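The values are calculated or read from the model by the stated rules, or taken from the named source; none is laboratory data. Nothing here was measured: the structure is a model prediction, and the numbers come from that model. Here the Cβ positions follow ideal geometry from the backbone for every residue, glycine too, while neighbour counts run over all protein chains shown.
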Amino acid sequence: MDGLAALLAIRACHIDLPTVIVTTKNDPESIRKVLEKDANECVMKPFTKDILFSKMGQVLGTEVA
């Protein structure tokens, strides 16, 4: 299951979890699709710990370390 499929499964259960999708697809169309399906954020591989924590902090509304 890829990130988009996981997101769709989570949303199909009406679970309102903050989501940060990690993907290797870095083209604008792929990112747009994920965000349109209600992902809160998207992180493209490869990424650093700082980038991931920053995105998580944005989604959660608090600093993540």
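Things to note:
- Subset of the stretch 12-32 that is at pLDDT 90 or above and among the charged types (D, E, K, R) - its residue that is surrounded by the most Cβ atoms within 10 Å (Cβ to Cβ): ARG32
- Restricting attention to the stretch 34-63, the residues that are under 17 Å from ASP2 (Cα atoms), in contact with a helix residue (DSSP H, G or I) (Cβ under 7 Å, 6 or more places away or on another chain) and of a type outside the set (Gly, Ala, Ser) total 7.
- Which numbered condition PRO18 misses (of (1) of a type outside the set (A, V, I, L, M, F, W, C); (2) touching a Ser or Thr at 6+ places or on another chain (Cβ under 8 Å); (3) not in a helix (DSSP H, G or I)): (2)
- Index of the failed condition, VAL43 passing every other in (1) modelled with pLDDT of 90 or more; (2) part of a helix (DSSP H, G or I): (2)
- Of all residues making up the stretch 38-53, the number that are surrounded by 15 or more Cβ atoms within 10 Å (Cβ to Cβ) and among the charged types (D, E, K, R): 1
- Failed criterion for ASP50 (all others in (1) among the acidic types (Asp, Glu); (2) assigned to a helix (DSSP H, G or I); (3) at pLDDT below 90 hold): (3)
- Within the stretch 32-51, residues that are more than 25 Å from ALA12 (Cβ to Cβ) and of a type in the set (Asp, Glu) reach no partner that is modelled with pLDDT under 90 and surrounded by fewer than 16 Cβ atoms within 10 Å (Cβ to Cβ) with beta carbons closer than 7 Å at six or more positions or on different chains.
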